[in-house]
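Undergrad: Attaching a single structure in structure tokens format; questions to follow.
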Amino acid sequence: MKQIIFYVFFQEFLVYFCPMQLLDGKIVSQAVKNDIKEKTCLFTRAGKKTPHLAAILVGSNGASETYVASKVKNCEEVGFKSSLIRFDENCGEAELITAIEKLNNDDDVDGILVQLPLPKHIDEEKIINLINPDKDVDGFHPMSIGKMVQGLPTFIPATPYGILLMLEHYKIETSGKHAVIIGRSNIVGRPISILLSRNTTPGNCTVTVCHSRTNNLKDICLQADIIVAALGIPEFLKADMVKDKAVVIDVGITRVADASKKSGFAIKGDVDFANVAPTCSYITPVPGGVGLMTIAALLMNTFTACENKYK
Ligand code: GUN
């Protein structure tokens, strides 16, 4: 008991008297990947199959190309099989439907992801709803979302799942805290709002979801113990919107033209990091924060999908 009291006191001391701590996606994602690699090794040594992720990429959007390439590379790193199925920007919906049906029926494929966004002429919802929920490692299928809302075991969308893994790794207290989510997308804002409000650890937050029609956004942000910025506007969250010692999670990854970079662009988060970081208790950098956790979480879901086949 004495040890627990000391530990709690020590954590509070750290938060109040120590400078901001970086939530390092490199360290945490590597720890998660090491764990997956070890589990995969034990799994295959026991005669079970190698986890297999299939990714569908339509068109040649620069950011999507980078994300999918990184997902494939990370599969290799942890000992998974991966397949990348590419389609031309102008491909028809029917071609995509056939590809998903084929992957649904392929016993070797454990996880299927369709990189978003899809070109405008394709009905994204229709495509996602076709994925077999047992292989829905992105957690975007209505069945997965419904189960997540009810707190039932399911695939949790990779970015919110990555955020939870990060909070867990740094043992950040969330219970009873006010979490303000900026953004209500199906991929990040809405699911993280649900996950943080659940009766779990991390969780038990009082959650406010803000969006483009929110009045007094600054006043609401100033009440937040935890802010998740997921709106996709570079450096939107300024220092005067953040309470002292808040926890700041930056989900933004926007490419901004930058002639000084070899690639011609810089990656910017949704948080004005240079000015916000000095006042908060914890903050995720961009790059090197949530983005890396998203991939680690996707690998976790793929391993689970494979493992479920033996249950
Ligand atoms: N586009 C942006 N984020 C994601 C993601 O997590 N999964 C997929 N499939 N597409 C995305």
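Laboratory data are not the source of any read-out in this text; all were calculated from the coordinates shown. Remember, it's a predicted structure, so these values are computed and weren't measured experimentally. Note: ideal-geometry Cβ built from the backbone for every residue, glycine included; neighbour counts use all protein chains shown.
Undergrad: From the square roots a ≥ b ≥ c of the eigenvalues of the alpha-carbon gyration tensor of the stretch 220-311, which class results: rounded (a/c under 1.5), prolate (a/b over b/c), or oblate?
TA: oblate
Undergrad: Near residue 126, which aspartates and glutamates are there with a Cα under 19 Å away, not counting those fewer than 8 places off in the same chain?
TA: Within reach: 88, 89, 93, 95, 101, 134, 136, 138.
Undergrad: If you stretched the chain out fully between residue 85 and residue 215, how much longer would it get, using 0.36 nm times the residue separation minus the C-alpha to C-alpha distance?
TA: On the way: separation 130, 0.36 × 130 = 46.80 nm, distance 4.35 nm.
Gain on extension, residue 85 to residue 215, equals 42.5 nm.
Undergrad: Along the charge dipole of the chain, Cβ charges K/R +1 and D/E -1, which of 128, 32, 82 sits furthest on the positive end?
TA: Selected residue: 32.
Undergrad: Would you list 155, 265 from fewest to most Cβ contacts within 10 Å?
TA: By the 10 Å Cβ count, ascending, the order reads 265, 155.
Undergrad: Using amide H atoms built in the peptide plane, which far-off residues or other-chain residues are under 5 Å from residue 137 H to H?
TA: Amide H to amide H, under 5 Å and 5 or more residues apart or across chains, residue 137 pairs with 112.
Undergrad: Let me ask something additional. Below 8 Å between Cα atoms, with a sequence gap of 6+, how large is the relative contact order for the stretch 115-160 in percent?
TA: Here the relative contact order equals 28 percent.
Undergrad: What is the chain by shape, rounded, prolate or oblate, if you read a ≥ b ≥ c off the alpha carbon gyration tensor as root eigenvalues and call it rounded for a/c under 1.5, prolate for a/b larger than b/c, and oblate otherwise?
TA: prolate
Undergrad: I've got another one for you. Could you give me the ³J(HN,Hα) list for the stretch 244-253, computed from phi with Karplus coefficients 6.51, -1.76, 1.60 and θ = phi - 60°, whole Hz, x at Gly and Pro?
TA: Once rounded to whole Hz, the list reads 4, 6, 6, 9, 10, 10, 9, 9, x, 8.
Undergrad: Let me ask you something else. Any idea how many Lys pairs in the stretch 190-297 come in under 26 angstrom at the alpha carbon, given 8 or more places apart or on separate chains?
TA: Number of lysine pairs found: 8.
Undergrad: Tell me the label-point distance for the pair residue 129, residue 197, using the 7 Å Cα-to-Cβ offset, in nm and rounded to one decimal.
TA: Between residue 129 and residue 197, the label points sit 2.4 nm apart.
Undergrad: Find the centroid of the Cα atoms in the stretch 243-303 and in the stretch 97-152, then give the distance between the two in whole Å.
TA: If we compute the Cα centre of each part, the gap is 26 Å.
Undergrad: Gain in length, residue 152 to residue 66, computed as 0.36 nm per residue apart minus the alpha-carbon separation, to one decimal in nm?
TA: Stretched out fully, the residue 152 to residue 66 stretch lengthens by 27.7 nm.
Undergrad: Pull out the extension gain between residue 311 and residue 233, defined as 0.36 nm times the separation in residues minus the alpha carbon to alpha carbon distance; nm, one decimal.
TA: 23.8 nm
Undergrad: In the neighborhood of residue 77, defined by Cβ-to-Cβ distances under 15 Å, what is the net charge if each Lys or Arg adds +1 and each Asp or Glu adds -1?
TA: Once all neighbours under 15 Å are counted, the net charge is +4.
Undergrad: Which helices count as membrane-span-like in the chain under these terms: full DSSP H, at least 15 Å along the axis by C-alpha, Kyte-Doolittle mean of 0.0 or more?
TA: Sorted by number, the helices that extend far enough and score high enough are 2-17, 158-169, 290-308.
Undergrad: Scan around residue 81 for amide H atoms under 5 Å from its own, H built in the peptide plane at 1.01 Å from N, and keep only partners 5 or more places away or cross-chain.
TA: 52, 53
Undergrad: Residues with amide H under 5 Å of residue 206's amide H, sequence separation 5 or more or different chain, H placed in the peptide plane at 1.01 Å from N; which?
TA: 176, 177, 178, 179
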